[in-house]
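The structure appears below as structure tokens.
The values are calculated or read from the model by the stated rules, or taken from the named source; none is laboratory data. In this text, all values refer to a predicted model and were calculated from it rather than measured experimentally. Counting neighbours? That spans all protein chains shown, and the Cβs are built from the backbone with ideal geometry, glycine included. When the accessible area is computed, the model is the full protein with side chains, heavy atoms only, and any ligands, DNA or RNA have been set aside. Shrake-Rupley method; radii C 1.70, N 1.55, O 1.52, S 1.80 Å.
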Amino acid sequence: MMNKKKLQKWNFTLAAMGGLIGMLLGTVFTKGLDWSAILGAFTAFAIIFLINFFYVRSKSDKTPEVDERTILNMRKYYAIIANVFLGILFLSLAAVTYMGYEQISLSYLWIFIISYMLISGVGALIVNNR
């Protein structure tokens, strides 16, 4: 078995492989064999594998990926952004309730969740590269 340090370099590929296996099992058990979904999942896996492969091959020094300061900055950023988004969600739901609505469409919540993922991901990239 490979040691933990060598296996850590391939985390993205292992995650993509898990996604590919989950996609295969999900399509087989729910819809039958859906070739477009399977080929799309395999293409995504191949792209992630190639990016990971070339990254592992190109990194020859022993410097760590991130240092303690970067990890601390990321923790602070995610703590702040999560609380900001939860506060916005709470105030929005309070305003909608005050306006007299008792139900809202799930698509509005999905829009909010996707925007949170997008904004927090882009912000994390910026904080990580500082």
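Would you confirm, using the coordinates I've provided, whether PHE90 is part of a helix (DSSP H, G or I) and either small (Gly, Ala, Ser) or loosely packed, with under 11 Cβ neighbours inside 10 Å (or both)? For PHE90, the condition - part of a helix (DSSP H, G or I) and either small (Gly, Ala, Ser) or loosely packed, with under 11 Cβ neighbours inside 10 Å (or both) - is met. Inspection of the range 58-65 identifies no residue that is modelled with pLDDT of 85 or more, of a type outside the set (Gly, Ala, Ser) and either open to solvent by 60 Å² or more (accessible area, probe 1.4 Å) or not in a helix (DSSP H, G or I) (or both). Filter the range 93-130 down to residues that are open to solvent by less than 60 Å² (accessible area, probe 1.4 Å) and outside any helix (DSSP H, G or I) and give me whichever is farthest from GLU68 (Cα to Cα). So, considering only residues that are open to solvent by less than 60 Å² (accessible area, probe 1.4 Å) and outside any helix (DSSP H, G or I), the one farthest from GLU68 (Cα to Cα) is GLY100. When residues in the range 7-45 are screened for being open to solvent by 40 Å² or more (accessible area, probe 1.4 Å), polar (S, T, N, Q) and more than 21 Å from SER58 (Cα to Cα), 3 of them pass. Residues of the range 66-87 that are charged (D, E, K, R) and part of a helix (DSSP H, G or I): GLU68, ARG69, ARG75, LYS76.
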